[in-house]
1. Report, as an integer, the average count of C-beta atoms from other chains found within 10 Å of each Cβ along A:53-62.
2. Give me the distance between the Cα centres of the range A:38-55 and the range B:409-435, rounded to whole Å.
3. What order do you get for B:310-321, A:67-78 when each peptide is scored by the mean count of other beta carbon atoms within 10 Å, highest first?
4. Once a ≥ b ≥ c are taken as the square roots of the eigenvalues of the Cα gyration tensor of chain B, is the result rounded (a/c under 1.5), prolate (a/b larger than b/c) or oblate (a/b not larger than b/c)?
5. Can you sort B:369, B:391 by how many other beta carbons sit within 10 Å, fewest first?
6. Run lengths n ≥ 4 of DSSP H only: what is the helix-derived mean residue ellipticity at 222 nm for chain B, with -39500 (n - 2.57) per run over all residues, to the nearest 500?
7. Taking R0 as 22 Å, what's the FRET efficiency between residue B:513 and residue B:444 from their Cβ-Cβ distance, rounded to 0.05?
8. Which FRET efficiency value, to the nearest 0.05, do you get for residue B:272 and residue B:463 by plugging their Cβ-Cβ distance into 1/(1 + (r/R0)^6) with R0 = 60 Å?
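Nothing in this text is a laboratory measurement; each read-out follows from the coordinates by a stated rule. Predicted model only: the values in this text are computed from it and were never measured. So basically every Cβ, Gly included, is an ideal-geometry build from the backbone, and we count neighbours across all protein chains shown.
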């Protein structure tokens, strides 16, 4: 499975393409695609160049967690720096993205 | 320190206005990201793992208290309350928005700062000895020549699109604290027959293909510095590879041609240059030199001149923490009764090189009160108060200690250079900061750092080597193995006068194994050193790598 991730143009924030093509902040809320549909979703996202600074596909598991070779990197990107749990989405009052923690 | 003249002020102001327009056009959709990206990079604005990152130039690492306070304000207002000192004596902010970037540049311009040429294939911020103008062992102040190079290289039309980025470092001291041998051009000011001139080294560098720079000219009269640099840059600009970014640095060209052939090309180019059109007239050098006139050091009373006398010595006698800090974090000053104070940004609980807005203001206050309004950023990711009276050391220590800035570890094992690594960098393969922190904590737990002495550990999260692992006495390189973080250990590197490249010792280890292996290396060194004064690096060179490899991997 794949998800589309991007950085918002105005502030660089990491976001994901959600169901209905809105952007969501949490990877767990991202839309998940099979390969062919993922390419279409990425193309739709890249066409929104006035909103984002770039986008690419990432591998995700059935439960929405990062998967594949880049899983660790994408976990950190989704949560925030492991050395600063007070920063990034992991620091959000609502619990934000799940902290990637130690490993 | 140097102050902007009308030209400096105008070009920085114009650049801010230009970038403001470019940002507006990007936000309106008039510019695509492909069109905008090279423009933002020319203004130091990267897109990193979590957000934008703005790299601000600190020319040759010199800061006034006013500038430091402004950096604190920027960290607090536009970022998340901290900045990160880099190995080019710059500062990075990890969380600015694109919308705020022009405002930040406006604020920087008000205090004579900018982010120009902190990215891109151009001549980057010139670095130098962090003790410049204060060091007891320098023959003259190298910042004069750094400033000359800064003015020459800023917006130099011929060198704005080089094959690759270009880094120059200058030293004028007997001890090289500026790592000149691992720069694209290293300049070492030295004396011959009573006259000062430059030894010119070319083709040093780290990254995926590390090289020690070669001497292209052993003595260049100072007045010809710019024309000779221009000749080197011309040869590189014409003959450096542009087909492969990994082979585009000048070190590849020097190595491919051989240093003799490269030297011949430079000398031939130099012979055709109109030197009088490039080299600065003596009166212009004098004008710049005047900005770096030594501050008005006091003629101090006898009891203030020596460590062994007076109130400071008595305070040190009674206070072990102060004594450890004084011994580790202060250095000899050229003016009697003064010391150079290092401000450690290497508390093991904090990412190496990170400094909060409040800490910046503490250092700014201390610079203003005790150091002729000057601070420095170092390439080893610390700060320096260059001119502190010996008798003021207790007050400075108390203030630094209260702010968490007095860890007594300068040039010790926990004074680790570490790149941002996978916690922040989109290029990294592995995290660097947590490993540095764990090694620092291990040293603190063993309490043997002062006994170990001079041991340089440098950690990079990928092969680009921003953490200078090739020149660590112990270098650590993060690698990715099927999505897992592992670390290779290298031994025997140095970036100083005895420059050498560290060698990989064997298979990569997990983070846990790496921390344990570093401890075993330290224990081996303590056991086998010839005398307490023998450094880790010297013991390694004397004993060879076999026992050290065995310490890392065990006997097989």
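1. If you average over the peptide's residues, the count of other-chain Cβ atoms is 1.
2. Using only Cα atoms to place each centre, the spacing works out to 33 Å.
3. On the way: B:310-321: 14.2, A:67-78: 19.5.
The peptides rank, most packed first, as A:67-78, B:310-321.
4. Numbers: a/c = 1.26, a/b = 1.14, b/c = 1.10.
Here chain B falls in the rounded category.
5. Numbers: B:369 16, B:391 20.
Starting with the residue having the fewest Cβ neighbours, the order is B:369, B:391.
6. Working: 19 runs with 213 residues, N = 556.
Value at 222 nm, helices only: -11500 deg cm²/dmol.
7. Computed FRET efficiency for residue B:513 and residue B:444: 0.65.
8. Details: r = 38 Å, r/R0 = 0.64.
With a Förster radius of 60 Å, E is 0.95.
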